[in-house]
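Visitor: One structure, as structure tokens, below. Some questions next.
The values are calculated or read from the model by the stated rules, or taken from the named source; none is laboratory data. All values derive from a computational prediction rather than experimental measurement. Positions of Cβ are generated from backbone atoms using ideal geometry, with glycine treated the same way; all protein chains shown enter the neighbour counts.
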Amino acid sequence: MAASSAVRAVGRRSRRLFDIFVAEVPWTVSSKELKEYFSQFGSVQRCQLPFDKDTGFHKRYCWIKFSTQQDVQNVFQKDSHILEGAKLSLKQQPRRRRGQRKNQSE
């Protein structure tokens, strides 16, 4: 049980290292297709698309990690992102250095 919660905690921390959170991903889009789409803006290091264990479908959101901050800026220069007729909702994640705490004043 403790190992399971430790794995979830590591997963939450690792998501902070991603540059962009993408919501409203159509059910039919795969992580490969997301990576291909976002590569037009720069070098995609990683695309994390979580799946629901019960349904077998992805959860309709993902995280994208780019190689450089310029790649991230390139994404946000485009007004809207549409995949398979659905408009994606993007949010830039705050970039933190390794080991940097969320609330340093505490």
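Visitor: Kindly indicate whether residue 26 is over 14 Å from the mean Cα position of the chain (by Cα) and modelled with pLDDT of 95 or more.
Guide: Details: over 14 Å from the mean Cα position of the chain (by Cα): yes; modelled with pLDDT of 95 or more: yes.
When the stated conditions are applied, residue 26 passes them.
Visitor: Out of region 19-45, which residues are crowded, with 20+ Cβ neighbours inside 10 Å, in a loop (DSSP other than H, G, I, E, B) and not acidic (Asp, Glu)?
Guide: If the condition is that a residue be crowded, with 20+ Cβ neighbours inside 10 Å, in a loop (DSSP other than H, G, I, E, B) and not acidic (Asp, Glu), then 25 is the only one that fits.
Visitor: Just the residues that are touching a Phe, Trp or Tyr at 6+ places or on another chain (Cβ under 6 Å) and part of a strand (DSSP E or B), please, taken from region 59-82.
Guide: Matches in region 59-82: 63, 64, 65.
Visitor: Which residue pairs have Cβ atoms closer than 8 Å, lie 6 or more positions apart in sequence or on different chains, and pair a first residue in region 75-87 that is surrounded by 10 or more Cβ atoms within 10 Å (Cβ to Cβ) with a second residue that is in a helix (DSSP H, G or I)?
Guide: Pairs that qualify, where the first residue is surrounded by 10 or more Cβ atoms within 10 Å (Cβ to Cβ) and the partner is in a helix (DSSP H, G or I), are 75/38; 75/41; 78/41; 81/37; 81/75; 83/33; 83/34; 83/37.
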